[in-house]
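Working notes, structure below.
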There are 2 protein chains.
Amino acid sequence: MQYKELDVDSMLEFIQDLEVIQEYFGSDELSVAEIGDGNLNYVYIVKSKQDPKKALIVKQAVEYLRCVGEEYALSRERMNFEIRALKKFYHYLPSFVPKIYFESEDMSLVIMQYLGDHEIMRKGLIEKTIYPNFSEHISTYLAFTLFYTSSLYLQSDKKRELIDEFNKNTQLCKLTEDFVFTTAYMEHDTNDNENVESNPDAKKLFEDMEFKSKILNLKYKFMTQTDCLVHGDLHTGSIMLNQDETFVIDPEFAFIGPFGFDIGALVANLVNSYIHHSVVTKDEEFKNYLLETIKEVLELFEVKFLELWDKQKESALLVDDFLDEDSLISFKSEFMKNILRDSIGFAGAKIARRVFGVAGVEEIRGIKDKVLKQKAEVLALRISREFVMKYENLKNTEEVLEMIKNAG
Amino acid sequence: MQYKELDVDSMLEFIQDLEVIQEYFGSDELSVAEIGDGNLNYVYIVKSKQDPKKALIVKQAVEYLRCVGEEYALSRERMNFEIRALKKFYHYLPSFVPKIYFESEDMSLVIMQYLGDHEIMRKGLIEKTIYPNFSEHISTYLAFTLFYTSSLYLQSDKKRELIDEFNKNTQLCKLTEDFVFTTAYMEHDTNDNENVESNPDAKKLFEDMEFKSKILNLKYKFMTQTDCLVHGDLHTGSIMLNQDETFVIDPEFAFIGPFGFDIGALVANLVNSYIHHSVVTKDEEFKNYLLETIKEVLELFEVKFLELWDKQKESALLVDDFLDEDSLISFKSEFMKNILRDSIGFAGAKIARRVFGVAGVEEIRGIKDKVLKQKAEVLALRISREFVMKYENLKNTEEVLEMIKNAG
């Protein structure tokens with residue numbers, strides 16, 4: 001199959017010939033609409049005209065960064081990594097990852113389950129929606145995906161095969177290296193420069209060498225710590241959910257990286273929502289729900305990760321009986337503390353980069369009132385700084401919550 | 001070309017057809033002899049009968065671990081990594097790496113410069129040979145090979161290409177994971193069990209959970225920290241030298257690993273020699289030379305690595321002007337301290353594994369007198385323990401020397 005960038009019409013033509021589409025929709029007439037609002041790809045919904053509840057999602061990568069335009073070239077190979085990651089994660093957690101119906105690396109295209117009854121978490125949180133099962137679900141997702149792709153579960157040969165599969169997601173890793181760890185802390189033309197210009201908070205951030213040195217350490221960790229397969233962009237815009245179900249989507253940034261990176265991204269985005277509500281709605285109850293969620297996610301993750309680890313006596317890292325029971329418990333406990341630390345470090349970077357960098361978040365950049373927006377920015381920078389300056393010495397999740405609450 | 005395991009006769013036949021051999025030796029008659037005493041491969045010397053100074057080395061990998069025998073299967077693919085690493089290192093440092101005349105990944109074979117005027121460093125040190133240029137040479141070798149293959153020099157895409165080239169050196173990395181970080185600290189049939197049995201020092205080591213937990217951390221670093229291309233087995237048996245020249249050979253264990261791994265291997269083997277002379281020759285002058293060499297290697301490495309780094313304003317890690325001058329200096333200084341720390345941690349593991357594990361070193365396992373040998377073992381275990389328990393908090397090379405001297 002030769003690659004061709006599709007539009008609504010050619011997409012309809014393309015999919016009508018596919019067996020899976022015929023199986024799924026039978027003889028129904030189909031409609032196609034483009035619904036993508038992401039930064040990278042085009043996303044289409046294909047619906048049955050007879051039964052609009054019958055629908056699938058088609059996602060195609062194009063040769064450029066959608067949110068910037070055709071002048072920002074970006075290889076469509078990224079879809080290969082998204083497909084590979086979706087399949088891996090689905091394998092471990094079929095109830096948290098959309099089902100794939102069709103994939104083509106040639107066409108940089110994937111057809112998958114339509115999540116019609118689910119909403120993007122970022123929007124839900126802005127609207128103060130409480131998701132009673134979220135912490136339970138996402139902690140399972142994190143524990144399973146991170147553990148089963150790590151050297152704590154895999155043998156060395158399998159781990160190296162996994163590295164082979166994801167090592168060349170070069171361009172999207174580079175986006176993170178640039179946008180999360182570099183350009184958001186210095187003068188740069190990709191920044192939100194309307195806000196940056198003559199903004200004392202931006203000036204202060206860009207000149208905060210102590211903070212930026214720590215960011216550089218985190219960038220180095222990001223680039224060189226090959227713990228496990230991470231989603232790579234696990235913000236609340238990559239989560240679709242409702243009261244019962246939680247799905248993680250869009251793993252095109254997937255790569256072999258640090259344990260803490262996905263956890264950190266998630267914490268950062270829960271904090272962004274907390275900041276929004278601290279400044280805009282001032283809803284203490286919802287703020288507490290968010291804090292509680294952060295605590296639960298971190299603590300449940302640890303419990304579940306350790307449960308998986310305890311079942312695994314042999315791996316690349318461990319052979320049975322190398323350590324005695326007590327020493328193994330201490331070793332694991334220290335190991336988990338380091339994951340927590342890295343997570344909070346990465347969360348700090350992820351919060352700060354959204355303030356002045358490219359691709360701000362709705363919760364903060366979307367605040368219409370200028371005074372409130374600036375208040376939110378200051379709060380974000382304060383929490384981020386606490387996280388980044390102190391993550392290496394954190395002892396427990398209580399300290400994380402204290403840092404968030406005390407910054408307010 | 002189809003792979004065929006060669007012997008002296010078929011080797012002669014094979015090389016006589018090669019253009020490079022005809023060029024190098026002209027019409028001279030050739031003799032071939034097997035001279036390998038390593039653990040893995042067969043090594044032949046090809047000489048001109050007319051002028052025995054004209055000679056080349058031919059190295060061929062076989063499908064098993066030579067030192068154990070045909071029952072220990074080991075893919076000959078390892079030669080691909082050796083060839084790739086030799087070429088990379090030669091590229092940066094043609095005066096410290098043997099020249100390659102011919103290579104064939106199909107035949108798992110490489111023909112290279114014969115180092116007839118050089119001796120294996122391990123043997124030289126046992127005989128109390130002083131090498132006046134060694135610290136200077138090896139610190140250059142380490143600084144260049146480690147820096148130029150790291151994210152401090154390379155851009156991210158080039159770094160990922162390098163990872164692709166070496167990621168699948170799975171089997172030899174696994175040998176290190178097993179023999180350096182695992183089996184040498186527990187009951188295992190590959191150990192030197194004649195010595196292990198009813199040996200209280202072995203029992204103490206195998207039950208030292210505090211020490212073994214730290215070893216496990218070092219193993220994890222080895223498996224997941226992708227700083228740069230390392231030689232992977234840089235002991236004094238992989239160094240051939242004389243008063244003027246120093247060559248590093250045998251990089252078949254090359255992989256993308258931690259900065260500190262090669263430095264640690266080298267320090268460990270200098271310490272092994274120090275232990276030998278502490279117990280056997282009691283030559284204080286030579287012991288001081290060894291201590292001085294350790295200090296020089298560590299300090300010169302740092303100076304030279306920083307010199308290269310200072311010239312490199314842009315890399316995967318850094319963009320120019322991200323940090324101000326002072327902060328960059330502090331950042332680099334902290335970075336170098338971490339390399340020193342990891343080096344000493346790895347050195348500790350490398351010393352301990354030689355005591356009871358497979359493949360002991362001549363300096364210690366080769367001591368004929370049982371009492372002296374046990375003394376050397378105890379000293380090795382004591383220094384190793386100091387290194388492994390304290391490496392994370394080291395401040396400078398002085399502390400390293402103190403640990404060695406105080407253990408004696």
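The values are calculated or read from the model by the stated rules, or taken from the named source; none is laboratory data. What you see is a predicted model; the values in this text were computed from it and never measured. Backbone-built Cβ (ideal geometry, glycine too); neighbour counts: all protein chains shown. Heavy atoms of the whole protein, side chains included, go into the accessibility calculation; ligands, DNA and RNA do not. Shrake-Rupley method; radii C 1.70, N 1.55, O 1.52, S 1.80 Å.
Shielding by partners for peptide B:308-318, expressed as the average number of C-beta atoms from other protein chains within 10 Å of each residue's C-beta, is 2. Modelled label positions at residue A:201 and residue A:330, each set 7 Å beyond Cα in the direction of Cβ, lie 4.5 nm from each other.
Solvent-accessible area per residue in the protein assembly as shown equals 40 Å², computed with a 1.4 angstrom probe and all protein chains kept.
Rg then Dmax, both in Å and based on the Cα atoms of the range A:128-269: 17.3, 54. Projected over all directions and averaged, the alpha-carbon convex hull of the range A:208-304 occupies 8.0 nm². When +1 charges are put on Lys and Arg Cβ atoms and -1 charges on Asp and Glu Cβ atoms, the dipole computed for the range A:1-91 relative to its Cα centre reaches about 520 debye. Peptide B:215-228 has a mean of 5 when you count, residue by residue, the C-beta atoms of other protein chains within 10 Å of its C-beta. In the range B:1-92, the alpha-carbon atoms span a convex hull of 123 Å³ per residue. Take the accessible area of chain B alone and of chain A alone, subtract that of the pair, and you get about 4000 Å² summed over both chains, using a 1.4 Å probe. Our estimate of slack between residue A:164 and residue A:12, defined as 0.36 nm per intervening residue step minus the Cα-Cα distance, is 51.3 nm. Which net charge results for the neighbourhood of residue B:5, defined as the other residues with beta-carbon distances under 14 angstrom from its beta-carbon, given Lys and Arg at +1 and Asp and Glu at -1? Net local charge, residue B:5 excluded: -3.
Couplings 3J(HN,Hα) of the range A:307-314, computed from phi: 4, 5, 5, 4, 7, 9, 7, 10 Hz, in residue order, whole Hz [Karplus 6.51 cos²θ - 1.76 cosθ + 1.60, θ = phi - 60°; x for Gly and Pro].
Applying the Karplus relation 6.51 cos²θ - 1.76 cosθ + 1.60 with θ = phi - 60° to the range B:255-263 yields 3J(HN,Hα) values of 7, 8, x, x, 3, x, 6, 5, 4 Hz, where x marks Gly and Pro. Here's how it looks for residue A:101: its modeled amide H is under 5 Å from those of A:111, A:112, A:113, which are all 5 or more places away or on a different chain.
Each Cα pair under 8 Å and six or more residues apart adds its sequence gap; the mean of these over the residue count of chain B is a relative contact order of 17 percent. Working note: 222 nm ellipticity from helices only, DSSP H runs with n ≥ 4, each -39,500 (n - 2.57), summed and divided by the residues of chain B, gives -16500 deg cm²/dmol to the nearest 500. For the range B:119-407, the share of alpha carbon pairs falling in successive 10 Å distance bins from zero is 6, 29, 36, 21, 6, 1, 0 percent. Cβ-Cβ distance of residue A:5 and residue A:194, R₀ of 35 Å, FRET efficiency by 1/(1 + (r/R0)^6): the value works out to about 0.65.
About the centre of its Cα atoms, chain B shows a dipole size close to 980 debye [charges on the beta carbon of Lys, Arg (+1) and Asp, Glu (-1) only; nearest 20 debye]. Here residue B:198 yields copy-to-copy label distances, from shortest upward, of 8.9 nm, the label point defined as 7 Å from Cα along Cα to C-beta. Between the listed residues B:107, B:281, B:270, the Cα displaced farthest toward the positive end of the dipole of chain B, a dipole computed from Cβ unit charges relative to the Cα centre, is found at B:281.
Centroid-to-centroid, using Cα positions, the range A:136-152 and the range A:225-266 are 10 Å apart. Residue A:297: net charge of surrounding residues, Cβ under 12 Å, Lys/Arg +1, Asp/Glu -1, itself excluded? Around residue A:297, the surrounding residues sum to -4. The equivalent ellipsoid of the range B:276-327 has semi-axes of 41, 9, 8 Å, largest first, where each one is the square root of 5 times an eigenvalue of the Cα gyration tensor. In terms of distances greater than 24 angstrom between alpha carbons, the cross-link table entries B:99/B:287; B:53/B:99; A:88/B:214; A:214/B:395 yield B:99/B:287; A:88/B:214. The magnitude of the dipole of the range B:24-156, with charges of +1 and -1 set on the Cβ of Lys/Arg and Asp/Glu and taken from the Cα centre, is near 360 debye.
With each label modelled as a point 7 angstrom along the Cα→C-beta vector, the residue B:210-residue A:405 pair spans 3.7 nm. When the GluC sites (Glu not before Pro) in the range A:285-386 are filtered for DSSP coil states and for at most 15 other beta-carbon atoms within 10 Å of their beta-carbon, the remaining sites are A:314.
For residue A:30, the amide hydrogen comes within under 5 Å of the amide hydrogens of A:49, counting only partners 5 or more places away or on other chains and with H modelled in the peptide plane. Computed extension length for residue B:285-residue B:87: 67.5 nm, one decimal, from 0.36 nm per residue of separation with the Cα-Cα distance subtracted. Taking a ≥ b ≥ c as the square roots of the eigenvalues of the alpha-carbon gyration tensor, the range B:26-146 is classed rounded because a/c is under 1.5.
Placing unit charges on the Cβ atoms of the charged side chains and taking the dipole of the protein assembly as shown about its Cα centre, the candidate lying farthest along the positive direction among B:72, A:81, B:344 is B:344. Look at the stretch B:330-338: the mean tally of other chain Cβ atoms within 10 Å of its residues' Cβ atoms is 2. Counted by Cβ distance under 10 Å from residue B:118, the other residues give a net charge of -4, where Lys and Arg count +1 and Asp and Glu count -1.
Across the range B:165-182, coupling constants 3J(HN,Hα) worked out from phi with the 6.51/-1.76/1.60 Karplus curve, θ = phi - 60°, read 5, 10, 4, 8, 7, 4, 5, 6, 4, 5, 4, 5, 3, 6, 7, 8, 10, 9 Hz, and Gly and Pro carry x. What is the Rg over Rh value, at two decimals, for the protein assembly as shown, using alpha-carbon atoms and the Kirkwood definition of Rh? Ratio of gyration radius to Kirkwood radius for the protein assembly as shown: 1.01.
Of the trypsin sites (Lys or Arg not before Pro) in the range A:3-76, the ones in a loop by DSSP (not H, G, I, E or B) with at most 14 other beta carbons within 10 Å are A:4, A:49, A:53. Extending 7 Å from Cα along the Cβ direction at residue B:51 and again at residue A:312 yields two label points whose distance is 6.0 nm. The calculated FRET efficiency for residue A:130 paired with residue A:31, based on their beta-carbon distance and R0 = 35 Å, is about 0.55.
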